[in-house]
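This report refers to the structure that appears directly beneath it.
The values are calculated or read from the model by the stated rules, or taken from the named source; none is laboratory data. Just so we're clear, the structure is a prediction, and the values are computed from it rather than from any experiment. All Cβ positions, glycine included, derive from the backbone under ideal geometry; neighbour counts span all protein chains shown. The area values use the complete protein model at the heavy-atom level, side chains included, leaving out ligands, DNA and RNA. Shrake-Rupley method; radii C 1.70, N 1.55, O 1.52, S 1.80 Å.
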Amino acid sequence: MPTSAITAYSNSSHIVTAVNELKEQLCSPKLGFVLFFCSAEYDLDKLATALNYAFYDVNIAGCTTAGEITAQGYAQGAISAIGFYREHFSVEVGLVEAMEQFSLPQAQNVVDKLIRKSRERQVAPIVGNSFVLTLLDGLSVQEEHVLVSLNAALGNIPNFGGSAGDDIHLTNTHVFANGSFHTGAAVVLLFNTDCEFQVFTTHHLKSLSEKLVVTAADRDSRRVYELNAEPAAQEYARMIGIAVEELNPEVFALNPVAVKIGEEFYVRSIQKVNDDLSLTFYCAVENGIVLTRMERGDMLADLTQQLSRIEEKIGEPQLTIGCDCFLRRLEAQHIPGRYQETSALLKKHRVIGFNTYGEHLEGMHINQTFTGVVIGQVTDD
């Protein structure tokens with residue numbers, strides 16, 4: 001099967017060794033761009049230096065993770081990468097250094113610049129042959145307005161992405177562009193390709209009848225103080241039938257809540273319990289919204305069905321870039337044997353990517369989904 005991209009990974013904790021392994025696996029005169037996802041456990045300044053030295057002649061972008069997806073499935077404390085061949089991919093990189101100041105005019109300027117640069121090296125007409133990948137600081141609390149602005153500026157160009165993680169430390173998440181790691185920033189990648197592709201999202205959750213009304217919240221910090229006019233953590237714990245002291249990331253993963261927009265439910269994942277019994281969320285929350293308790297279905301069956309359906313449509317994939325919420329990974333670890341089965345499924349479908357602190361799709365910031373793009377073969381046109 002002809003290839004227009006190549007994958008690489010290293011689970012070495014030694015930076016020079018890890019980057020040299022990537023370089024060896026990606027080595028090709030065809031290489032035009034490298035996308036990577038790395039553990040936040042690396043010394044990021046030293047990693048940046050090593051990556052810039054190893055790939056001095058190609059552009060690089062990436063982010064830190066809450067877990068990596070490699071050619072061998074799930075990994076932790078590793079670095080996973082994709083090398084794109086310039087004959088079939090033109091990739092342009094935009095960096096937004098101050099997410100909190102981002103506006104629609106700035107978004108239009110970023111998009112116009114990316115499209116203008118892409119036209120200089122395009123491998124296929126921009127319209128219908130391009131998609132955008134967004135990588136955002138996962139602790140910035142700025143994802144929603146950045147994504148809405150970008151989506152408006154992008155028009156009909158499909159876009160998806162993920163929020164950077166930091167191995168669930170919840171302290172610092174980073175994106176990489178222009179030779180260095182950044183916080184409070186966003187990376188916007190415009191891919192132009194002559195390969196078939198399809199952007200998608202999926203989740204395995206179904207709604208139940210139980211509701212929680214947000215009666216006191218701080219929208220800017222995504223902090224909910226009251227649910228149903230009771231202390232938020234206390235009311236959430238009551239609904240799922242456990243003590244407040246038992247609340248932790250695994251409990252949140254196994255007992256999600258969602259907001260209904262139109263006919264669809266979008267998960268609003270809980271990040272942590274605060275000392276005052278408020279709850280901090282990974283996604284936007286505000287006074288008056290109604291959160292619905294969700295029931296978990298078969299995550300593995302849902303993902304298998306979704307990937308198989310797309311592959312039937314566009315043919316055998318070269319790879320899938322996957323942004324997989326870290327709460328899904330925690331859920332898989334909770335079920336005996338499921339983690340290994342999920343890892344094997346990702347390997348089978350050639351998924352490369354990372355576990356996120358939130359996923360992006362067409363201007364929305366969402367949680368507890370698998371969102372990505374399946375890249376097929378070169379088109380016949």
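Numbers below:
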{"item": "Ranked by how many other beta carbons lie within 10 Å on average, peptides 74-85, 219-230, 157-168 from highest", "result": "157-168, 74-85, 219-230"}
{"item": "Whole-number Å³ per residue for the convex hull built on Cα positions in region 1-98", "result": "106 Å³"}
{"item": "The chain - Kirkwood radius from inverse mean 1/r over Cα pairs (Å)", "result": "20.9 Å"}
{"item": "Simple spin-label estimate for ILE242 and THR379 in nanometres, 7 Å along Cα-Cβ", "result": "4.8 nm"}
{"item": "Cβ-Cβ FRET estimate between GLU316 and ASN11, R0 fixed at 30 Å, reported to 0.05", "result": "0.65"}
{"item": "Fraction in percent of alpha-carbon pairs per bin - 5 Å, region 1-45", "result": "5, 18, 31, 21, 14, 8, 3, 1"}
{"item": "Under Karplus coefficients 6.51, -1.76 and 1.60, residue-wise ³J(HN,Hα) of region 366-372 in Hz, glycine/proline x", "result": "10, 10, 6, 10, 10, 10, x"}
{"item": "Gap separating the Cα centres of region 14-82 and region 236-304, nearest whole Å", "result": "33 Å"}
{"item": "Portion, in percent, of the accessible area of region 290-342 that falls on carbon or sulfur, probe 1.4 Å", "result": "46 percent"}
{"item": "From the C-alpha gyration tensor of region 137-249, square roots of 5λ in Å", "result": "34, 19, 15"}
{"item": "FRET efficiency estimate (nearest 0.05) - Cβ-Cβ, SER28 to VAL127, R0 25 angstrom", "result": "0.30"}
{"item": "Förster-model FRET efficiency, 45 Å R0, ILE335 and SER180, C-beta, rounded to 0.05", "result": "0.70"}
{"item": "Under-5 Å amide H pairs with ARG268, H placed in peptide plane, nonlocal only", "result": "VAL257, ALA258, VAL259"}
{"item": "Accessible-area composition of region 125-233, carbon plus sulfur, in percent [1.4 Å probe]", "result": "47 percent"}
{"item": "Accessible area of the chain divided out per residue, in Å², using a probe of 1.4 angstrom", "result": "41 Å²"}
{"item": "By average C-beta atoms within 10 angstrom, highest first, the peptides 13-22, 130-139", "result": "130-139, 13-22"}
{"item": "Greater than 28 Å apart at Cα, pairs in LYS30/LYS113; LYS206/LYS313; LYS23/LYS347; LYS46/LYS117; LYS46/LYS113; LYS23/LYS272", "result": "LYS46/LYS117; LYS46/LYS113; LYS23/LYS272"}
{"item": "Cα gyration tensor, region 239-338 - rounded (a/c under 1.5), prolate or oblate", "result": "prolate"}
{"item": "Neighbourhood charge, 9 Å Cβ-Cβ cut-off, centred on MET99 and excluding it, Lys, Arg +1 and Asp, Glu -1", "result": "-4"}
{"item": "Rounded percent of accessible protein surface that carbon and sulfur make up, region 20-109, 1.4 Å probe", "result": "46 percent"}
{"item": "Within the chain, helix-based [θ] at 222 nm, where runs of 4 or more DSSP H residues each add -39,500 (n - 2.57), nearest 500", "result": "-8500 deg cm²/dmol"}
{"item": "Karplus-derived 3J(HN,Hα), 6.51/-1.76/1.60, for each residue of region 86-100, Hz, glycine and proline x", "result": "5, 5, 10, 9, 10, 10, 10, 10, x, 10, 9, 7, 9, 4, 5"}
{"item": "Cα gyration tensor shape for region 98-171, rounded if a/c is under 1.5, else prolate or oblate", "result": "prolate"}
{"item": "Using θ = phi - 60° and Karplus 6.51 cos²θ - 1.76 cosθ + 1.60, couplings along region 279-284 (whole Hz; Gly, Pro as x)", "result": "10, 9, 9, 7, 10, 4"}
